[in-house]
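Read the structure below first, then the notes.
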Amino acid sequence: MKKLYTFFLISFFISFNGILLANEKKTRFILIGHMYPIVKDKIILNKLFNKINKYNADYVFILGDSNLHQKDTISQIKKGINSNLFFVPGNQELSNDKFKNDYLKNIGYLNKFLQTDNLNFILLNSSENKDQIIEFLNNNLNNQNGKINIILTHHRIWDDSIVDSKEYSHDKSYYFQEIYPHIKNKVLAIFAGNSKRQYFRDLSDNNFYGKQNVNLIYWMDKIGDIDLYNIGMGDGKPKASFVIVDVMKTNKFLVSGDFVTNQDYEILPKKLIIKNEEKLNITNVNKIRAEIKDKYIVLNKLKLIIVISIIIFFFIIYRVSKKFINHSKKGN
């Protein structure tokens, strides 16, 4: 009897909390970025769209690098996703004039200010130069309407570790300190859809990228009062991921992630793990010597040069001294 009572009590609290959560939620939106590695894979793409649709989001935003300049890709996305759809261009869609024009034909805008009942979505083309970006932000942030402002963009505009020399390149072309004064105390969050691959690897063994992390769906930074999220899916393999955001009536965010996969494993098998050779061989003297052999060679060459120079120096001194002594004897 006691167990039955406990069961009903737990069930009641779960149901009650579910009702409270439903009453608290005001808006739900989903974010996807860097989809281009999977847009030709109809199986994984259909899995992704079906799972997204189960969340019944009010809005879905595609944050660039997703073949949005290709008409068939846009058609697939619009056909597959049931929610209101909006887009942000990535560097891929803007890499040349043709792609940019095709993107505009498909989407109709590069920047957009979208108002809902409780939110302002600022869809920002992060490939533009700082003056254009500041102008767009000022035009849409200086007239406050009491709603939450959220910037949706492609690049991690707050991250100054990767900056290009000019606009419409692979990465942004400005520093965050040039943008920050125009959004400080005005923007609650920024979501960027760029790939995680500049920081974390999926399955590829490319030393240009960071350490392997196939399980990463999003990560968060914070500057001042602004929450900063990177949500790009990287390779999309083994996991094609997306982020769900519930905005509550209290104006708080609940951010979560989900994914689909074609793989038959949950945990990455040992054979696919990219090992950290330096850590694994830290006590292996031969390995350490092999790693720094160039330094040893340079050091040994330097020592040899110094020794030879000293020998030559003393040889010259000896020869000069001998000539001087012989000359002195002849003079006598």
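The values are calculated or read from the model by the stated rules, or taken from the named source; none is laboratory data. Everything quoted here is computed from the prediction, not taken from an experiment. Positions of Cβ are backbone-derived with ideal geometry, glycine not excepted, and every protein chain shown enters the neighbour counts.
A few notes on this one:
- Test: residue in the stretch 32-48 that is within 22 Å of I148 (Cβ to Cβ) and touching a residue at least 40 places away in the same chain (Cβ under 8 Å): yes
So that you can scan it fast, the table gives a plain yes or no per residue for (1) part of a strand (DSSP E or B); (2) over 12 Å from the mean Cα position of the chain (by Cα):
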| position | (1), (2) |
| --- | --- |
| I157 | no, no |
| H170 | no, yes |
| N185 | no, yes |
| D221 | yes, no |
| L228 | yes, no |
| G236 | no, yes |
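- All conditions in (1) touching a Ser or Thr at 6+ places or on another chain (Cβ under 8 Å); (2) part of a loop (DSSP other than H, G, I, E, B); (3) modelled with pLDDT of 95 or more hold for I244, with the sole exception of (2).
- Assessment of the stretch 97-106 against the conditions (in the same structural domain as N251 (by TED's automatic domain parsing), out of contact with any helix residue (DSSP H, G or I) (no Cβ under 7 Å at 6 or more places or on another chain) and under 18 Å from K186 (Cβ atoms)) yields no matching residue.
- Given (1) modelled with pLDDT of 95 or more; (2) out of contact with any Pro (no Cβ under 9 Å at 6 or more places or on another chain), index of the condition K147 fails: (1)
- Of all residues making up the stretch 232-280, the number that are within 20 Å of N46 (Cα to Cα) and surrounded by 11 or more Cβ atoms within 10 Å (Cβ to Cβ): 20
- Within the stretch 121-160, the set of residues being free of Cβ contacts under 8 Å to residues at least 60 places away in the same chain and within 20 Å of I223 (Cα to Cα) comprises L124, K130, I133, I134, L137, N138, L141, N149, I150, I151, I157, D160.
- Flag for S126 being modelled with pLDDT of 95 or more, touching a Ser or Thr at 6+ places or on another chain (Cβ under 8 Å), hydroxyl-bearing (S, T, Y) and surrounded by fewer than 16 Cβ atoms within 10 Å (Cβ to Cβ): no
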